[in-house]
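Written below as structure tokens is the structure these notes are about.
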Amino acid sequence: MTLSIWDLVFVGVFGGLAWYIFSGTRVRELAVAAAKRSSELADIQLLDQSVALSKTSLSRDGNGIWRIWRQYRFEYSRDGVGREVGHIIMLGPRLQAVLVAEVPTVH
């Protein structure tokens with residue numbers, strides 16, 4: 001049995017796709033955990049207990065290594081009635097930022 005170049009390309013593409021899906025699932029689990037922790041610390045309610053991938057790109061980390069940059073979107077509520085949107089930024093498996101809107105100040 002001999003392998004052609006197309007067989008190797010197919011295996012490489014399939015392997016890369018499987019790695020991307022597997023790593024994306026793990027990073028999403030980390031993003032959900034970060035959203036839950038941040039919600040508890042900010043005294044807000046995480047709605048639906050989930051995050052949704054909104055943007056993906058490639059970016060370099062602090063060591064100059066290319067990583068997959070992902071932005072996840074989640075919804076939260078301050079009062080249990082209204083819905084607001086927050087974002088979680090992940091670079092590879094590392095949390096970069098959790099973004100929620102500031103509480104408006106009434107003077």
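Read-outs throughout are calculated quantities, based only on the coordinates presented, and are distinct from any laboratory measurement. Being a predicted model, the structure only gives us computed values, none of them experimental. Every residue, glycine as well, gets a Cβ built from its backbone with ideal geometry; the counts of neighbours run over all protein chains shown.
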(Q) Can you tell me the length gained on complete extension of the stretch Tyr20 to Glu84, counting 0.36 nm per residue apart and subtracting the Cα distance? (A) 20.1 nm
**Q.** Positive minus negative residues near Ser23 (Lys, Arg vs Asp, Glu; Cβ under 13 Å)
**A.** +4
Q. Over the chain, what relative contact order in percent results from Cα pairs under 8 Å that are six or more residues apart?
A. 20 percent
Q.
Which trypsin sites (Lys or Arg not before Pro) in the range 11-107 sit in a loop by DSSP (not H, G, I, E or B) and have at most 13 other Cβ atoms within 10 Å of their own Cβ?
A. Arg83
**Q.** the range 5-99: Cα Rg divided by the 2.2 N^0.38 Å rule of thumb
**A.** 1.31
Q: Kindly express, to the nearest 10 degrees and within the range 0 to 90, the angle between helix 5-42's C-alpha long axis and the longest C-alpha principal axis of the chain.
A: 10 degrees
Q. Between Val27, Val11, Val51, which gets the highest mean-square fluctuation from a Gaussian network model of the chain, Cα cutoff 10 Å?
A. Val11
